[in-house]
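Before any comments, here is the structure.
The values are calculated or read from the model by the stated rules, or taken from the named source; none is laboratory data. What you see is a predicted model, and the numbers here were worked out from it, not measured in a lab. We place every Cβ from the backbone using ideal geometry, glycine too, and count neighbours over all the protein chains shown. Calculation scope for accessible area: heavy atoms of the full protein, side chains included, ligands and nucleic acids excluded. Shrake-Rupley method; radii C 1.70, N 1.55, O 1.52, S 1.80 Å.
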Amino acid sequence: MTDYSSFTALQLGEMIKNRELTSPELCEYFLNKADGFNSFIYRDKDAVMKQAQTVQKAIESGRLNSFLAGVPIAIKDNICVKGMPASCGSKMLESFVPPYDATVVSRIKNAGMVVIGKTNMDEFAMGSTGETSHFGAVKNPLDVSRAAGGSSSGSAAAVAGGLAPLSLGSDTGGSVRLPAAYCGLYGLKPTYGAVSRFGLIAYASSLDTVGAICKTAEDAAVLFNAISGVDKKDSTSINSEKIVINKNIKTSNIKISILGNAKSEAFKALNINVENAELSLLKYAVPAYYIIACAEASSNLARYDGIRYGHRSDKAKTLDEVYTLSRTEGFGFEVKKRIMLGNFVLSSGYFDEYYLKALKVRGMIKSELLSLLEKSDYILAPVSENGAPLLGQSLEKPLDMYSGDVFNVLANLAGLPALSLPGGVQLIGKPNSEESLINLALKLEKEIYGI
Ligand code: GLN
């Protein structure tokens with residue numbers, strides 16, 4: 001039997017188009033594989049097969065002919081797919097089944113992709129290792145004793161573990177790029193607003209983006225093209241240009257600024273001018289990020305009150321108990337900690353001292369990054385300065401885990417696009433420069449790996 005997990009999403013799309021393979025055959029192949037990494041929270045074979053058969057008919061009748069038509073895709077569990085649970089990795093939303101599709105999901109369905117299941121994640125996307133999930137930790141398919149990275153842990157593990165050809169994750173402070181890098185994949189975090197957030201369950205709205213986790217930069221480009229663009233259901237969405245693939249860009253006049261200990265040999269081999277740079281405000285990035293993210297999270301998560309939807313305690317006897325017991329039972333430790341931190345920095349007396357100050361720092365970091373991007377075309381930074389941690393070793397040292405996000409939160413604080421490469425570095429670009437990020441990665445793939 002053919003090992004379909006060794007193909008890229010685009011290759012599989014091409015095989016379906018050429019009638020060498022059908023969408024139901026492909027979906028069945030992936031659904032029959034055991035999930036040894038705890039990467040999915042939900043897979044329903046019957047529902048997926050029905051969807052695949054409908055798509056196949058549309059392909060055969062000529063109504064669907066996009067590049068990824070018929071290809072299965074795994075979706076992070078904080079993105080709403082009509083009729084499938086959206087638990088956000090939390091007991092709070094364990095039984096929540098959204099009655100609508102997120103805009104990204106309607107768009108991938110319009111492009112003929114088939115949602116194969118919902119992937120495991122850190123609870124409410126809070127974490128870097130996939131270990132805060134109510135449904136247990138995700139294992140890294142490259143070494144099952146290690147974390148897959150977070151918070152889009154299952155989306156990366158599903159692709160790296162051969163359970164799906166590509167996936168969607170969300171990135172608030174690195175959650176697409178970190179697991180992608182730990183699992184040897186590409187992670188594309190788009191410019192803020194380039195992809196609609198409608199139907200993405202909010203963590204920190206001013207930082208949240210939906211992104212792609214793929215085996216190749218070209219797959220990421222095609223997926224971005226399918227999901228991006230203005231959406232009237234998200235007032236922060238913008239009309240971004242579609243990526244035009246060019247595998248042969250000229251690299252001799254490119255300039256890259258390097259932050260941290262990011263390895264740049266591959267870029268030097270392309271005759272790119274690389275220069276070490278410094279960000280004077282780097283040490284404030286993590287504190288500013290966590291103050292803003294927790295403040296927004298405390299407000300966004302206030303809606304889970306046991307009344308409208310989500311977990312409701314059956315021990316509650318009074319209205320106050322409905323609120324307190326439902327939230328006490330429904331949220332895990334990390335989420336509670338961040339709600340408390342967020343409420344603290346927003347409380348009168350501390351608002352100016354923490355929250356407002358963090359907003360000012362965010363503005364200053366953005367200016368510093370933009371001026372670096374005036375002097376050079378891209379910033380190259382590590383995704384993480386250490387490799388994937390062993391499972392069970394990160395949650396005891398939360399401050400170390402938070403400070404590990406230092407280079408990832410930069411792109412979110414400034415709303416910039418970033419592409420992480422399988423080797424563990426990321427390219428950060430100017431606003432709306434997804435096309436040039438992808439094309440540079442393609443050039444690198446071609447020259448270095450010969451593909
Ligand atoms: N590790 C970061 C956090 O816990 C990033 C999470 C994310 O991007 N969703 O907030």
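Other residues with beta-carbon under 15 Å from the beta-carbon of residue 354 carry, at +1 per Lys or Arg and -1 per Asp or Glu, a net charge of +1. Ranked by the mean number of other Cβ atoms within 10 Å of their residues, highest first, the peptides 242-253, 35-46, 257-268 come out as 35-46, 257-268, 242-253. Dipole of the chain computed with +1 at Lys/Arg Cβ and -1 at Asp/Glu Cβ about the Cα centre; of 339, 68, 407, farthest Cα towards the positive end is 68. Residue 82: which aspartates and glutamates have alpha carbons under 14 Å from its alpha carbon, excluding same-chain residues fewer than 8 sequence positions away? Once the sequence-local aspartates and glutamates are set aside, what remains near residue 82 is 44, 101. Of 109/242; 17/446; 263/397, which pairs sit farther than 20 Å apart, going by alpha carbon to alpha carbon? The answer is 17/446; 263/397. Simple point charges give the picture: +1 on the Cβ of Lys and Arg, -1 on the Cβ of Asp and Glu, and for the chain a dipole about the Cα centre of about 600 debye.
Could you state the accessible area per residue of the chain in Å², with a 1.4 Å probe and every protein chain left in place?
Numbers: 17840 Å² over 451 residues.
Result: 40 Å² of accessible area for each residue.
Couplings for segment 184-198, taken from phi via the Karplus curve 6.51 cos²θ - 1.76 cosθ + 1.60 with θ = phi - 60°, read x, 10, 8, x, 9, 9, x, 3, 4, x, 5, 10, 4, 9, 5 Hz in order; Gly and Pro are left as x.
Summing Lys, Arg as +1 and Asp, Glu as -1, what charge do residues with Cβ under 15 Å from the Cβ of residue 312 carry, residue 312 excluded? Display every interim value, and only then the final one.
On the way: positive: 91, 303, 308, 315, 317, 327; negative: 94, 305, 314, 320, 321, 329.
Charge balance near residue 312 sits at 0.
Remark: segment 51-66, residue by residue, has Karplus-estimated 3J(HN,Hα) of 4, 5, 5, 4, 4, 4, 4, 5, 5, 5, 8, x, 6, 10, 9, 6 Hz, where x stands for each Gly or Pro and the curve is 6.51 cos²θ - 1.76 cosθ + 1.60 at θ = phi - 60°. Each residue of segment 166-181 was assigned a 3J(HN,Hα) from its phi angle through the Karplus curve 6.51 cos²θ - 1.76 cosθ + 1.60 (θ = phi - 60°); the sequence is 7, 8, 10, x, 10, 10, 9, x, x, 5, 8, 5, 5, x, 4, 5 Hz, with glycine and proline shown as x. Peptides 353-364, 141-152 ranked from most to least packed, by the mean per-residue count of other Cβ atoms within 10 Å: 141-152, 353-364. With Cα atoms defining each centre, segment 85-144 and segment 348-425 are spaced 23 Å apart in the structure. Sequence neighbours fewer than 8 away in the same chain don't count; with that in mind, list the lysines whose C-alpha is under 25 Å from residue 317. Within the straight-line cut-off, residue 317 pairs with 91, 336.
Bridge orientation summary for the chain: considering DSSP beta bridges with both residues in this region, about 65 percent are antiparallel. Over the residues of the chain, the helix contribution to mean residue ellipticity at 222 nm works out to -10500 deg cm²/dmol, using -39500 (n - 2.57) for each DSSP H run of at least 4.
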